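Structure record follows, encoded as structure tokens.
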């Protein structure tokens, strides 16, 4: 462990953040706002809040050269109406941090009021002091908890009618896309679709979150569609080689990690659950309805066998041997695997 600084880094290693004078008193929190979920394509994002003076950006490939950082400007629920810069590696599109916009990224750190919100999924475990990791496990509050992911928290396998869960009744079409809206897709979920929550270091670096949420479908049931702004041309994201056996669809503008595709699975695609549109989950939600008694209301479940959140709460946690040292996994009784569950169709390692 370094005595001088903690380290955050991207997947390819070109960008490194040296974080100085970090103590257990520095604030960290989990943000559940929709824009953070979309940016990370995950369930939520954990942030470590630091001053501008505590963060040094280093080009790990070429000493003396500026790091190849990219940025995408949007809003975040935690910051209200103030715009923020999403900071990422311009080479591998790993999501590194959110930066408040009191000053430009080009100001060389001139503004002491400007703050960095480090994506904690990118932190190097062996640079984190033990007292920090233990404190952050115990005291990491949630913000924007009024807009959590519809599939969060995960629950034991269940049926909203009290019987066996009929996954063949899941909604027929899902839509999603990246933060900037340049790349959009639609897909039909596979029968029996479920979710893998992956704690591998690669997924954490790409998303910046402590865990990245995946589901799967047939490639011929997945289609890139026209973007939100009326542009008629269909575009596909960058297909980035993330490992010797897999590639990821990445948006080069906002750095969203939209899918992973494995070389040996020619007919399967794995979209990140966090990039689904929240509107997909409105099917089958409880809706207030009037009863014969005008003074009372009851709730009923509309189309409950089609509830997508029920299907995507069928969760397994994988690569649990690499859970970050500052994070305590949920104790929800769902399956947890050191790598991937054996004896199943899902046999691919992290890619």
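The values are calculated or read from the model by the stated rules, or taken from the named source; none is laboratory data. Quantities reported herein were computed from a predicted structural model and do not represent experimental measurements. When we count neighbours, we look across all protein chains shown, and the Cβ atoms used for this are built from the backbone with ideal geometry, even at glycine.
I'd like to know if segment 53-69 contains one or more residues that are surrounded by 20 or more Cβ atoms within 10 Å (Cβ to Cβ), under 20 Å from the mean Cα position of the chain (by Cα) and not in a loop (DSSP other than H, G, I, E, B). Among the residues of segment 53-69, at least one is surrounded by 20 or more Cβ atoms within 10 Å (Cβ to Cβ), under 20 Å from the mean Cα position of the chain (by Cα) and not in a loop (DSSP other than H, G, I, E, B), which makes the answer yes. One residue stands out in segment 76-89 among those that are surrounded by fewer than 17 Cβ atoms within 10 Å (Cβ to Cβ) and in a loop (DSSP other than H, G, I, E, B): the one that is nearest to the chain's Cα centre (by Cα), namely 80. Taking residue 170, is it buried (at least 16 other Cβ atoms within 10 Å of the Cβ), at pLDDT below 90, under 23 Å from the mean Cα position of the chain (by Cα) and over 30 Å from residue 235 (Cβ atoms)? For residue 170, the condition - buried (at least 16 other Cβ atoms within 10 Å of the Cβ), at pLDDT below 90, under 23 Å from the mean Cα position of the chain (by Cα) and over 30 Å from residue 235 (Cβ atoms) - is not met.
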